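Here's the structure we're looking at; comments come further down.
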Amino acid sequence: MKKEDKYIIHRTKYNVNKDIIKRTYKGITYDSVMEMRYFIEVVEPMMEVGYITYYERQKTYILQEKYKHNHQTVLPITYVADYYIEYSNGHKEVIDIKGMPDGIAKIKRKLFWKIYPDIEYKWITYNKSHGGWVEYDELQKQRRAEKRAKEKLKKAQQKD
């Protein structure tokens with residue numbers, strides 16, 4: 001190891017902290033700190049009051065079955081949901097905790113919507129300035145609206 005290498009912080013592909021202690025709660029290690037926080041701040045309290053009646057972590061969905069191509073087996077395309085939740089009113093949803101979705105996540109979301117149209121699918125993220133836990137798509141809409149308003153104000157100020 002070079003002298004300067006000791007100051008480099010090595011991160012995983014999705015910027016997940018390698019220190020599993022920071023993302024472990026009640027003996028369960030979560031894929032990310034944000035996923036763990038969602039459980040602590042949202043899922044667990046809703047379970048305690050009975051609003052959530054059932055949940056699963058890391059539930060696997062098949063987006064495309066395996067098949068043969070030129071005598072070669074092509075493995076299935078799967079999606080692993082952060083949370084599958086059933087509510088006391090019968091509503092079911094799949095929640096994926098997202099910081100910034102990549103291209104593969106966007107494709108898998110489209111496939112999920114097509115194959116499982118009866119299950120609501122949400123990307124949830126945490127943004128303190130927008131009220132905490134928020135749907136990712138809603139946050140993006142809010143940010144675009146804020147940007148348009150800022151640009152409109154800037155143009156108005158330039159005219160004066």
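The values are calculated or read from the model by the stated rules, or taken from the named source; none is laboratory data. Since the model is a prediction, treat every value here as computed from it, not as a measurement. When we count neighbours, we look across all protein chains shown, and the Cβ atoms used for this are built from the backbone with ideal geometry, even at glycine.
Here are some notes:
- Pair list, Cβ < 6 Å and 6+ apart or interchain, from the stretch 116-140 residues that are buried (at least 17 other Cβ atoms within 10 Å of the Cβ) to residues that are among the basic types (Lys, Arg): Trp123/Lys98; Thr125/Lys98; Tyr136/Lys98
- Within the stretch 2-44, if we keep just the residues that are at pLDDT 85 or above and of a type in the set (Val, Ile, Thr), the residue that is nearest to the chain's Cα centre (by Cα) turns out to be Val33.
- For the stretch 98-109, the count of residues that are of a type in the set (Asp, Glu), in a helix (DSSP H, G or I) and surrounded by fewer than 13 Cβ atoms within 10 Å (Cβ to Cβ) is zero.
- Qualifying residue in the stretch 21-34 (condition: over 26 Å from Gln140 (Cα atoms), surrounded by fewer than 17 Cβ atoms within 10 Å (Cβ to Cβ), among the small types (Gly, Ala, Ser) and without any contact (Cβ under 8 Å) to a residue 24 or more places away in the chain): yes
- Any hit, the stretch 135-152, residues being over 20 Å from Ser32 (Cβ atoms), part of a strand (DSSP E or B) and modelled with pLDDT of 90 or more: no
- Tallying residues that are among the hydroxyl-bearing types (Ser, Thr, Tyr), within 17 Å of the chain's Cα centre (by Cα) and either part of a loop (DSSP other than H, G, I, E, B) or closer than 21 Å to Ile104 by Cβ (or both) within the stretch 51-80 yields 4.
- Tyr83 being within 21 Å of Met46 (Cα to Cα) and either assigned to a helix (DSSP H, G or I) or not β-branched (Val, Ile, Thr) (or both): yes
- Any chance Ser88 is touching a Gly at 6+ places or on another chain (Cβ under 9 Å) and surrounded by fewer than 16 Cβ atoms within 10 Å (Cβ to Cβ): yes
- Of the candidates Glu41, Glu48, the single residue that is surrounded by fewer than 15 Cβ atoms within 10 Å (Cβ to Cβ), over 22 Å from Lys110 (Cα atoms) and in contact (Cβ under 8 Å) with a residue 40 or more places away in the chain is Glu41.
- The one condition in (1) more than 24 Å from Ile28 (Cβ to Cβ); (2) over 16 Å from the mean Cα position of the chain (by Cα); (3) acidic (Asp, Glu) that Glu86 fails to fulfil: (1)
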